[in-house]
Each structure stands twice: as structure tokens, then as C-alpha cells.
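The values are calculated or read from the model by the stated rules, or taken from the named source; none is laboratory data. Everything quoted here is computed from the prediction, not taken from an experiment. FYI the Cβ positions are ideal-geometry reconstructions off the backbone, even for glycines, and counts take in every protein chain you see. These accessible areas exclude ligands, DNA and RNA; they are computed on the full protein's heavy atoms, side chains included. Shrake-Rupley method; radii C 1.70, N 1.55, O 1.52, S 1.80 Å.
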2 protein chains.
Amino acid sequence: MATIKDVAALARVSIATVSNVMAGVPRVSPATRRRVEAAIEQLGYRPNHVARSLKSRRTRAIGMVISDITNPFFPEMVRGAEDAALARGYLLSTFNTGDLPEREKQIFAMLESRRTDGLLVVTALKRGEHPHVAAALSSGVPVVCLDRRPQDLAVDTVTVDNAAGVELAVDHLVERGFRSIAYLGGGLGMYVAPERLAGYRRAMRRARLPLIEFRGDFRRESGYQAGSKILALRPRPEALVAANILMAAGFLEAVAEAGLEVPRDIALATFDNVAILRGFRPHLTCVEQPTYRMGYDGANLLIDRLEQVTPHSGPVHLVLPCKLVVGDSTQPCRVLRGRALASAPGVAASLES
Amino acid sequence: MATIKDVAALARVSIATVSNVMAGVPRVSPATRRRVEAAIEQLGYRPNHVARSLKSRRTRAIGMVISDITNPFFPEMVRGAEDAALARGYLLSTFNTGDLPEREKQIFAMLESRRTDGLLVVTALKRGEHPHVAAALSSGVPVVCLDRRPQDLAVDTVTVDNAAGVELAVDHLVERGFRSIAYLGGGLGMYVAPERLAGYRRAMRRARLPLIEFRGDFRRESGYQAGSKILALRPRPEALVAANILMAAGFLEAVAEAGLEVPRDIALATFDNVAILRGFRPHLTCVEQPTYRMGYDGANLLIDRLEQVTPHSGPVHLVLPCKLVVGDSTQPCRVLRGRALASAPGVAASLES
DNA sequence: TTTAGTTTGTGAAACGTTTCAATTATGATA
DNA sequence: TATCATAATTGAAACGTTTCACAAACTAAA
């Protein structure tokens, strides 16, 4: 592979001149520039980015640390981050921690020894447990946290308005006439969980409805288990709001196992949307997060920091809105229609009570 | 950030000695070794991998080029590749080409200038169009192609037995008594398409059933469009085998739009499985590919090449088997039950005919 | 005490760039 | 033609490692 020396020799100039041509500095005569460019072309020369990084002490590489690309929540976000990074000439490497501390340690060590310029992290950890993120931060490596916001760290974040998102779902259900609306949340250590729960509580309080809360851990299995309990309640809740799609999917399994159906026997709304689900039943009513944008904006924010586009100031917190996508999983169910008939002026009336 | 010089100074040895300690060479006295290790520990020294790469001319980095991580087919494969790479101390960076030639060019240029040691590629291109892969190969960078096998390139590959996979699905349908079984294939330029089509034809010929072929392009939209045509056929086929899950999903939309249902009105089997779909209806009968393994084995094969574990020989082709996962989308449908009643000894008889 | 052999440790070059001070070439002006 | 200003070019150091030939310090045998 040709080096800058080969180019210099062929063009009969010094390597400094070649470097200047590559960098586009103007103090090179047109004639020399042409000669150098011809040599570059002829040799198929590509500057060695490794050497460049060593000298400049900047790798133009950013690392993205997530828990598992296999979780359908992540691919869009990774894609967004990559698009932004590539557009600005940065290399993005993604790492799956699998939530294993040992592996996470290995990954951060690798990131450090490779002198990655900045980090995009979706932390899976609980409050107060960010040894690696904190270490990176204190050693001067910029970090942007996506999706989840560690309150104990002074770090830039890009998140969504989780509370407002759940409120959209609950309001929608209330509007459709549902009154006993249960909520299946995730473990409170996970940052987004308390916010989503708060959204549920706020919307329910506003509608003067009683809280029916269950707690899972954001994984499919917990949705299935909570599902059995929820379906066994008497009276059975008319609707469920799940805090993420994995739990919603688990819940659906419990529903099928009980010989029931969504939305006939119970309505379901959930956080997260997944493209592949279009065409499958039930078509879920969901709170769609701008995951692509989170990745895209996060990467841009990070690169701005790296290039000091913004003068150093306190941490920036971007909060993006969610959007409600109405499917048929929240169509008025049997119980509801019965109630509508019983009360005089129809569904609307039951809302006021 | 501490360098090897700092460590050497603190331990009062030469940098060569520190390097020897790091490399674990035995020509260092225990006393010195301890002194150096203490210094490393005290300074939190981490060798600069960039400098190391420059000197050794090896980056221990591999690039993975796919079309779009957002396609649910890829995450497992990427995960497998990352697991293998990390276990052997390699960095994996994944790139989405989006099937855009311009972007692909940019990506390969980046990979080259960063001196990535080897490449894992799932080529989206058609026969004879692999300028970048061919260039990498001829410049001595090992490449392993996953999932699709470019016949025109002497390159290692890890693929699945596509024909056998489709046969599994068709055989299953035949066994269940279906007789008019349509096939929705993908564009023939895509390598896997002809193999899958061949599997369909072989299985149908074996069962002495007539071919009913449609062609899409592996994208959702084409499944939807082909769906309308398939459903309009008279008599309507009893079953459809889709060549990938995106087209199957598109087909399902067409089914819903026509006011029909799977499997009541038509059975459906497809290539690919996607975890999130568990719990949703219909629960598809599918040909599951070992995508994780493809990534895992591919990365290991590539690293073996990089480290010359295997003496250089001709290209290696790993072919992994697929597995049939039976869901309820291929349960005998209405027409079928009717036919079973008509013929004397039940469904089994109709198979013999 | 030499001599030879074995451990242990080190100096310096090299990897391929960037960068800056210094040098040389080129014109313009006196 | 000599002088000066400006433009163009270059030499060399530096980035942080690895590696190899060599040097120094021991040890064991003669």
C-alpha cells in the first residue's frame, strides 16, 4: 500500500508538500498541486488514518454502547447515529454489553485503549452505578446518554418525554370510554420507568380513575407473568398500558393462553413501535418514540462537543416528543359496549361520571 | 493520559522493558516486572492501541458491511459477529450501506484508510457488481461473505442451505394436505433467490404438484402487491410460501385488506423468523435461519484467516442448515377440510393422488 | 582470576503522518 | 543589479508503540 513517501518521490516533492496538498492548504502552487494529485491518483494513495490519528491525537471514531441490538428498540437508533456520524466523517462502532458487567468492562477498556473520541451510551445500569461512564467523563472523553438520563451524572442527554407519552396512551383509552385501565411498568431502577409511571398516574388522576399497577422488568417473560395475574383479576381490567413492547408481547402470550383476545376481552396500548409488526394481529396502539432521531441528534450533539462547535457550557438535555399511533388493539371491547348501552346518553356520559 | 514513557520513568527502566512486561516476554526479572506492574497500576496506564497499530501494521479491527440493521434479519447476525470478534480481542464496526452505491463507496474508502484488517460482507449487489469487495480482496484484505455467495469471487462464505430450507416448508405443507401451493420469490439477482426458488421447484416436483410462481423483491411492498394478485387468482391457492419475512408481512396486509384471514382462507409459510412476533397472530410457520451462527462462524473464519490459523488454501464455504418452526399459519384451512370430507379415507389419501 | 555463557536490560530505528520553523525561489521595487 | 517582500517548499521533530541488535551484569566453569 502506497504511503505519503511514495507519492512524494513520484511527484518529486517533499512529504510535507504532499501533506499540504491533501489538507488543501493554499500555499501550494497550482503546478505542484497538479503533479501531486496525479501521483496520488496513479498510486491509488489513501492516507493512513492510523498514523494520522497518532499524530493528531484524534481518531474521529465514536463508540456506541447499548445492551442488545437484538432488542427491536435499538436498530433504528443505531442507524440514526451511524447516519449522522458518517455524514460528518466519523466512524461509529457499536457494542452490545448484554448487561454483563464483565463484558461492559472489557468494552470500555477497548474503547479507551483505542482512544475513541467520544461515547454514545444507553446505560442499562441503575442509579449510581456508572463507573465506566463516570471514568470516561472525568478523563475528558465526551459522553452523550441516549434514551435514559442518569441524574447523578453531569452528562449531555437525548431522551423522550416518557411521561407525556404514556399520558397520550391513557388519554386515548379514557376518551374511548375505558375506565379500569391497568399499567404494567418496568423496574424503577431503569430511569425511564419512573417517568412512564408518573405519566400513567397523572393521566389517571386527571380522569379521576383508580390506579391498577403492576411491575415487570421490561423483558418479555415479565410481561407474560404479569399477564397471568392481570387476567385473573376480578373484575378484569378493561385495558392495559404496557411500558414497553417486549412486555406487551409477553402479555399477548398470556392472553392467548387464557383463551382470550385483544381487543375483544381486554384492550392493549404500549410504549414502542416496531415496523415488522404491521400486518400482524393485533395491530397495536402504541406510543412511538423517535428512536432514529435520538440516535441522529445524539451523535450530532456528541460531534459538536468534540469539535467544540458550542463553547463548553453545562450539560445539554434534548427532550423529544412521542407520538401516539392508534391501532385496533384499543377498540372498545365487549364490557365497554355493554356499559354504553346501560348508561343513558352513551359512552360519552360514562366518561363524566 | 499516561504513556509508556511515564511508566518507564516511574519504574526507572527503559520503555523497551515496559513493552516487554506488557507483552509478557519472559526475559524480565521478577523484581523489575513487579516494579513495572506497580507503575502501570499507579498511573492507570493503558497502551495506546493507535500507536501499536501503526507499528505492527495490524489494527485488530474488522468491518461488517450490511444493507440495513433495521431489517430484522440482521441484528442477530451482527450480534453473533460481535460476540466472536470481542472474544478474540477484535473490534467490530458495522456499516449500513442502505444499498446506496455512493454510500457504499464512502464506507469502503473509510475502511481502507483506517486499515481495517478484514471484512465481513453481506452483499446486496447483483452478480458481477462487487468492485469494492474485489478491490479489497485483491489488495490482500481477507473478506468473508455472509448469507449470500457471489459465485464470481474467490471468497470465503458462510451461508445457509436455502433450497433445503424451502423444501422443509413445502414438504410440511404437502404433508398437511395442501395441494395448490404458491411461491413468492425475490429478485433473482440476489443470490439466495435462485436457490430458494430451486428448493420450491424441487419439492413441488417431488410431490407432483403444479408450480404457481410469483416474484417480488424481498421488500414488504412487493409482498403486498403480489398478495393482491395471488388472492385474486381463481381458484385461490391454498397456501403460500414467501421467500422472506418482509414479503410475508406485506402479504398479510393484502390478506387483511381483502377481508380474508391466515390460515382460515390461505395458509402461509415463510423464510426467516423474528423473535418479537411471538405472541402476535398469525403465528407463522417459518424456516428459521441460524443467523447468529452465521455471524459468529463468519467472524471466526475471518479471524482465522487474519491469524493464519489455517494455512492459505482455496476459499472455504460453510453451509449451515435451516430449521422448520411450525406455527399455526399452516393449519389445514377450510378448502382443505372440505376436500378431506369428499375423498374417502381422509386427508392422507389426497396426498397419494 | 579469566573465560565463557546466560540473564537481564537498553538504545535506536521504524511505523506514516502533521506541523512549524527555516530555507529557497520568485517577483517587484529601488 | 541589488534589495526586499512574498510565495513556495522542505527538514526535522513529534505522536506512542514494537523490536532487534547489542551492552551490561551476573554466574559457573576452568
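Listed values, structure above:
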{"read-out": "Share of alpha-carbon pairs per 20 Å distance bin for chain A, given as whole %", "value": "26, 42, 22, 9, 1"}
{"read-out": "11 Å beta-carbon shell around A:His132, net charge (K/R +1, D/E -1)", "value": "-2"}
{"read-out": "Average accessible surface area per residue within chain A, 1.4 Å rolling probe, Å²", "value": "44"}
{"read-out": "Whichever lysines have a C-alpha closer than 28 Å to that of B:Lys55, once near sequence neighbours (fewer than 8 apart) are set aside", "value": "A:Lys5, A:Lys55, A:Lys105, B:Lys5, B:Lys105"}
{"read-out": "Square roots of 5 times each gyration tensor eigenvalue, C-alpha, the stretch B:1-127, largest first, Å", "value": "41, 15, 11"}
{"read-out": "Chains A and B together, accessible area buried on both sides, 1.4 angstrom probe, square angstrom", "value": "5200"}
{"read-out": "Computed log₁₀ I(q)/I(0) - Debye formula, equal Cα scatterers, no solvent, the stretch A:242-340, q 0.22 Å⁻¹", "value": "-1.11"}
{"read-out": "For the stretch A:228-256, residues shielded by at least 20 square angstrom of accessible area compared with the chain on its own, probe 1.4 Å", "value": "A:Ala249, A:Leu252, A:Glu253"}
{"read-out": "Amide hydrogen neighbours beyond the local backbone of A:Leu320, cut-off 5 Å, H modeled", "value": "A:Thr159, A:Val160, A:Asp161"}
{"read-out": "Evaluated over the protein assembly as shown, the Cα radius of gyration and Dmax, each in Å", "value": "29.2, 95"}
{"read-out": "Shielding by partners, peptide A:43-55 (average Cβ within 10 angstrom, other chains)", "value": "5"}
{"read-out": "Per-copy distances of the A:Glu307 label point, shortest first, in nm (7 angstrom along Cα→Cβ)", "value": "3.9"}
{"read-out": "Computed over the stretch A:257-309, the ratio Rg/Rh where both radii use C-alpha atoms and Rh is Kirkwood", "value": "1.30"}
{"read-out": "Teacher prompt: A:Ser29 distances to equivalent labels in other copies, 7 Å Cα→Cβ, nm", "value": "6.2"}
{"read-out": "Rg over Rh, two decimals, the stretch B:4-47 (C-alpha only, Kirkwood Rh)", "value": "0.90"}
{"read-out": "Net charge over other residues, Cβ less than 10 angstrom from the Cβ of B:Phe73 (K, R count +1; D, E count -1)", "value": "-4"}
{"read-out": "Relative contact order for the stretch A:94-184, counting Cα pairs under 8 Å that sit 6 or more residues apart, in percent", "value": "19"}
{"read-out": "Measure of compaction for the stretch B:149-281 (Cα Rg per 2.2 N^0.38 Å)", "value": "1.04"}
{"read-out": "D (Stokes-Einstein, µm²/s), Kirkwood Cα radius, the stretch B:116-157, 0.890 mPa s at 25 °C", "value": "240"}
{"read-out": "Residue-averaged [θ]222 nm for chain A, counting only DSSP H segments that reach four residues, each worth -39500 (n - 2.57)", "value": "-14000 deg cm²/dmol"}
{"read-out": "Taking chain A and dividing mean pair separation by its residue count, relative contact order in percent (alpha carbons under 8 Å, at least six apart)", "value": "18"}
{"read-out": "Sulfur and carbon atoms: percent of accessible area, the stretch A:4-47 [1.4 Å]", "value": "52"}
